[in-house]
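Peer 1: First the structure, then my questions, so here it is.
What follows draws every value from the coordinates through simple rules; no lab data is involved. Here the structure is a predicted model, which is why all the values come from computation and not from measurement. Backbone-built Cβ (ideal geometry, glycine too); neighbour counts: all protein chains shown.
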Amino acid sequence: MNSITVKSPASVANLCCGFDIMGIALSGLYDVMKLTKRDEPGISIKHTDRYNLSENPSENVAGVALQAMMDALKYTNGFDVVIDKQIKPGSGIGSSAASATGIVVAANELLGKPFGKKELVSFAMEGEALASGSRHADNLAPCIYGGLTLIRETSTLDIIELPIPPMYVNIIHPQIEIKTSYARQILPKEVPLKSAITQWANVAGLIAGFIKSDYGLISRSLNDVIVEPVRSKLIPGFDQVKKKSIEAGALGGGIAGSGPSLFMFSENISIAQAVEEEMKTVYQDLGIEYKTYITTIGEGIIVESLS
Ligand code: HSE
């Protein structure tokens with residue numbers, strides 16, 4: 001096998017109360033990456049999208065992740081990489097994670113699967129660290145494992161795959177950019193015990209709700225008293241979107257990753273459509289450009305072709 005094309009998905013990290021520990025892969029929104037083996041050493045990257053990302057492998061999330069994997073294998077030949085990003089950098093729905101995971105999954109397939117999923121997450125984390133300035137795997141793991149994942153411990157990559165009941169996911173992406181590194185800098189370094197108790201009760205409730213397919217419990221647990229109050233100030237219209245979406249029947253939601261996109265869960269498509277209308281109205285009234293998507297929880301990276 002010499003050449004592979006993969007689709008690497010958007011993802012939503014945190015899911016309100018689970019800052020840095022929970023995430024889901026989305027379906028229907030993907031970066032497309034083609035990887036071809038070559039005899040000459042090194043990595044050559046070409047972007048066919050419009051985002052002006054560096055094609056220097058040491059400054060490119062995909063390049064850094066692939067290099068980490070090649071170093072671990074002591075691989076001396078090289079790769080040509082063509083990336084068509086559909087997930088806008090800085091959108092909050094895991095653009096850097098899609099690049100970092102798609103490339104290592106693709107290379108692993110081409111090389112006869114020398115690595116398991118957990119090792120692939122660790123290589124991808126090198127790329128994610130370049131983008132956000134910190135090592136977290138809550139967008140990476142769902143891209144590689146699919147569905148919903150919990151990162152019980154980041155340092156050892158103790159990753160748990162969890163069930164999640166059928167739900168529709170609304171995303172609205174106001175066309176402003178928030179850098180993850182900045183959205184992390186502004187967070188409190190310590191939290192009051194009272195807030196910590198509320199937060200870990202909600203994390204436990206959310207996970208129990210997912211496992212039991214208890215939509216009421218999911219709805220009550222989609223609540224973040226630590227991160228959202230700080231970050232939501234960076235997102236115009238946040239409070240209105242959340243209020244109107246819940247009034248339209250959404251189970252709940254909040255900031256997708258570090259924003260500016262917002263997500264909402266709904267039990268059925270007609271509620272998701274009503275939620276989308278409410279979200280659009282908020283940003284139309286504010287005069288802010290936006291993009292919306294109605295999607296579902298996805299299976300992670302998809303191999304399109306292998307030859
Ligand atoms: N958990 C991360 C954050 C996701 O919220 O900063 C963004 O990459």
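Peer 1: Can you tell me which of SER134, SER221, SER91 moves the most in a GNM of the chain? Springs connect C-alpha atoms under 10 Å apart.
Peer 2: SER134
Peer 1: Which of the GluC sites (Glu not before Pro) found in the stretch 203-307 are in a DSSP loop and have at most 13 neighbouring Cβ atoms, other than their own, within 10 Å? Before the final figure, lay out the partial values.
Peer 2: Details: sites: GLU247, GLU267, GLU276, GLU277, GLU278, GLU289, GLU299, GLU304; in loops: GLU267, GLU289, GLU299.
Those satisfying the criteria are GLU289, GLU299.
Peer 1: With +1 assigned to the C-beta of every Lys and Arg and -1 to the C-beta of every Asp and Glu, and no other charges, what is the dipole magnitude of the stretch 168-296 about the Cα centre in debye, to the nearest 20? Intermediate values should be presented prior to the final figure.
Peer 2: On the way: 13 positive and 13 negative charges, 88 e Å.
For the stretch 168-296, the charge dipole is close to 420 debye.
Peer 1: What residue among GLN67, GLN273, GLN185 shows peak mean-square fluctuation when the chain is described by a Gaussian network model with Cα springs under 10 Å?
Peer 2: GLN185
Peer 1: Where in the chain are the DSSP H helices whose alpha-carbon span along the long axis reaches 24 Å or more and whose Kyte-Doolittle mean is at least 1.6? Can you show the working numbers first?
Peer 2: Working: long enough: 193-212 (28 Å, 0.86); 269-286 (26 Å, -0.06).
Result, helices passing both filters: zero.
Peer 1: I need the semi-axes of the equivalent ellipsoid of the chain: take the C-alpha gyration tensor, multiply each eigenvalue by 5, square-root it, list largest first in whole angstrom.
Peer 2: Details: eigenvalues 212, 81, 65 Å².
Whole-Å semi-axes of the equivalent ellipsoid: 33, 20, 18.
Peer 1: Taking a cut-off of 21 Å between Cα atoms, list the lysines near LYS118, but don't count ones fewer than 8 places away on the same chain.
Peer 2: LYS7, LYS74
Peer 1: Also, I was wondering about something else. Would you mind computing, in nm to one decimal, how far apart the modelled labels at ASP80 and VAL303 are, each placed 7 Å from Cα along Cα→Cβ?
Peer 2: Placing both labels 7 Å along Cα→Cβ, they lie 2.2 nm apart.
Peer 1: Given C-alpha coordinates of the stretch 142-297, what is the ratio Rg to Rh with the Kirkwood estimate of Rh?
Peer 2: Checking Rg against Rh, the ratio lands at 0.96.
Peer 1: Same structure again: Please build a GNM for the chain, connecting alpha carbons under 10 Å apart, and tell me which residue among LYS280, LYS189, LYS242 fluctuates the most.
Peer 2: LYS189
Peer 1: Run the helix sum for the chain: -39,500 (n - 2.57) per DSSP H stretch of 4+ residues, divided by residue count, reported at 222 nm to the nearest 500 deg cm²/dmol. Spell out each step's value before the answer.
Peer 2: Values: 10 runs with 116 residues, N = 307.
Rounded to the nearest 500, the figure is -11500 deg cm²/dmol.
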